[in-house]
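Everything below concerns the one structure shown next.
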Amino acid sequence: MKRKIFSILFTLVLVVSFSLVAAVPVAAADAITSTDVEGPYVAGVEQEFSITTTSDSGYTSVLFKFVVADTVLADIASFEYYGLEGTPPVAGWYTMPLTQEGSNLEGYFGPSGGFPMSASYDETTEFRVNFNTVKTYPVTVSLVNMSNGNGEAVITTATFSAVVKADYTAAVLAAADHLAANQNPDGGFSWDLPAGDSTTNTLGITAMGILKAYELEDKATYETALAKAYKFAVDTPPTYSGEVETALGVDSFPDVTFMVWLARHAHHDTTLLGAIQTEVPGTTAASIAALAKERWDGRVAGLGNGSATAMAEYIRDARIAIPDCIPWDLEAAVKAALSLDAYYPGEGYDTQAISIATVIYNAVDDPEGNYFNSGDTTQEGYILGLTGAIEAFQEVGLYGDKVGALKTLLINVQNDAGYWNWHGATPVDMSVQNTAYAVMALLSQGESDAVAAAQKGADWLVSAQNAAALDGGWHAEGGTGDECLEIDSEAAWAIKALLDRFSGSVGMYAHYTPFIGISVEPTWVDFGDVVPGEASQTRMVNIHNYGNVNVELSASIINESPPGVYTAGLTIDDTSGAKAAAGWSYSSLEPCNPLDVSLVLTVPSDTPPGTYTATLVFWAEQAGP
């Protein structure tokens, strides 16, 4: 029986993907080709591509015509070509005019009357483009004859799919810069802007956005902000009298997780530890974790008389007026307990996490109807209820059937644009917080439909951040409403989670000591021109297990456009014999070991000419009995 391992933040069923492209040649003397027009591109970043045209015929007057389907002018920030213009001619980059023609953009390259094309023509033209909008752009490039007396006559045409992705890294870093800039002098954060007094219950969740950016870029400003946040935690202890917190302090569940993760980083980064020691002399990585442990144990003692179950039940009952928030609140406790278990293995924190998750499970669709009803979308925190339950159950590796049902409900209420709304009696469109938690929950669940929905949600978060124009922040409703620093951090955390997923990296703080990580090189495979009915040239791919456990590998094909060619004709061979990609598996790849596999594409004999794209996804999970 296979044993699956789950992590606190990310499920340990990882996906590493790379793109595939193959072209079936058009039997024509004139041709338009490109190896890089399809990208991928990053929104907001200017990138170059080239178009090569070959011709065995001669023409008196031709132009190149570009058509970008289902696109508006606002989707493209700039489109330029490199050429000679002016008198005398000067080489440089010049704007290529685009006009809106119905739902498409159209543009012509060349002088208004066209230019002569000699026989045996073989030239490459450089272009550069900056896309605003994250999506896939259908692009048609045609060579048109302007001298036949009947207007435009198409000589040859090529079609491409330009893939534009969100700049996840830039979004996370911008959010962290914004959070650090709005940190109060005492090291804490106000809940919303304009900044006010520091709140005790949102320190960890707000500082987490800076910590996620620090994992991407070790900037001094991030280290200083993290150090000041830790000092605020040290300076603000809670006081309990029975179940009543008589003096509010930094002891929320995200506070605990933040401090444990900060301790992990400080253990490996002397510069970060030095910044913390500047704020709190004598600090060690161990003392940071010890403070997290102290605050957690104090809360369990104060609210649950030493019982994690009793603490969870106390919070459940305290939330009875807004039962949809019960799973969300308690999931943060599950995450905190598991972070402590990773740092202090064998001290029972894993058992506490399971106990809290069980309280959540019993509160979701309970027979009496007292708590969270997963079918009632009128609950204000409906999305947060779904996400909290999904993540908590994934983190402890229990209640898989319930997770699947909740995942389906969550995907079904996602807006086509990628966001999730705020539900309730008066729903609000485009909730940044709901979308952030939905992204993280679906990534933790990890199945292909969940990951696809999560990526769509993260793409929307990036676009909403850009639209807000608040130096890295978000309006709470994706363009309107207040700005809340806690929500800014949650959005950054969600985007970083997706960035980790598609870069093949693994969350640092796994519940269990084992962790899974694979990488794939290259990330783009071009099969070139393939003759229908014949096998392509072999393309080699290397899969590397950089985790510390044996992993079982499998593969699937997604985003196939047009559908059918790769599903029918792509095979993978790991030296045990070629197998259809969709059914391929490899039983056990040892840690620190590579696996070379060969890809061969046999295009079905009835395949029409065109360009065919797809994404091949490799999955990894712990191998074992």
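The values are calculated or read from the model by the stated rules, or taken from the named source; none is laboratory data. None of these values were measured; they are calculated from a predicted model. Quick reminder, even Gly has a Cβ in these numbers, built from the backbone with ideal geometry, and neighbours come from all protein chains shown. Heavy atoms of the whole protein, side chains included, go into the accessibility calculation; ligands, DNA and RNA do not. Shrake-Rupley method; radii C 1.70, N 1.55, O 1.52, S 1.80 Å.
Of note:
- Per residue solvent-accessible surface (Å²) - segment 101-224, probe of 1.4 Å: 42 Å²
- Coordinate range along principal axes, alpha carbons of segment 54-186, Å, largest first: 76, 36, 24
- Cα centroids of segment 529-601 and segment 137-181: 29 Å apart.
- Computed from the C-beta positions of residue 347 and residue 471 and an R0 of 41 Å, the FRET efficiency is 0.45 to the nearest 0.05.
- Cross-link partners of residue 579 among lysines (Cα-Cα below 30 Å; sequence separation of 8 or more within a chain): 2, 4
- Potential extension, residue 449-residue 305 segment - 0.36 nm per residue separation minus Cα distance: 47.6 nm
- Rounded to two decimals, the Cα-based Rg/Rh of segment 113-203, with Kirkwood Rh, is 1.39.
- Loop-resident trypsin sites (Lys or Arg not before Pro) (DSSP state other than H, G, I, E or B) in segment 285-375 with no more than 12 further Cβ atoms inside 10 Å of their Cβ are absent.
- Projected label distance in nm at residue 362 and residue 54, using a 7 Å step from Cα toward the beta-carbon: 7.3 nm
- 13 Å beta-carbon shell around residue 277, net charge (K/R +1, D/E -1): -1
- Translational diffusion coefficient (Stokes-Einstein; Kirkwood radius from C-alpha pairs) of segment 521-561 at 37 °C, 0.692 mPa s, in µm²/s: 243 µm²/s
- The chain: angle of helix 448-468 to the longest principal axis, Cα-based, in degrees nearest 10: 90 degrees
- Take the convex hull of the alpha carbons in segment 295-365; its mean projected area over all directions comes to 4.2 nm².
- Subset of 165/293; 212/407; 231/402 violating a 30 Å alpha-carbon distance limit: 165/293; 231/402
- Alpha-carbon Rg/Rh ratio, for segment 294-444, with Rh computed the Kirkwood way: 0.98
- Taking a straight line from the alpha carbon of residue 219, these lysines sit under 16 Å away, with near neighbours fewer than eight places off in the same chain left out: 228.
- Cα pair distances exceeding 22 angstrom across segment 358-495, given as percent: 35 percent
- Using distinct alpha-carbon pairs, which all enter the 1/r mean, Kirkwood radius of segment 147-272 in Å: 17.3 Å
- With Cα atoms, 0 to 90° folded angle of helix 308-318 axis to the chain main axis: 80 degrees
- Taking 322, 155, 383 and ordering them by how much accessible surface each has at a 1.4 Å probe, largest first, produces 322, 155, 383.
- Projected label points at residue 153 and residue 217, each 7 Å from Cα along the beta carbon direction, are separated by 5.5 nanometres.
- In summary, the convex hull built on the alpha carbon positions of segment 229-308 has an orientation-averaged projected area of 5.0 nm².
- Expressed as a whole percent, the accessible area of the chain that falls on carbon and sulfur atoms is 52 (1.4 Å probe).
- D (Stokes-Einstein, µm²/s), Kirkwood Cα radius, segment 511-625, 1.002 mPa s at 20 °C: 143 µm²/s
- Nearest 10 degrees, 0 to 90: helix 326-343 Cα axis against the chain principal axis: 90 degrees
- Per residue convex hull volume, Cα atoms of the chain, in Å³: 182 Å³
- Dimensions of segment 217-368 based on its C-alpha atoms, expressed as ranges along the principal axes with the largest first, amount to 54, 29, 27 Å.
- Relative intensity, log₁₀ I(q)/I(0), of segment 170-221 from a Debye sum that treats every alpha carbon as a point, q = 0.14, 0.29 Å⁻¹: -0.33, -1.17
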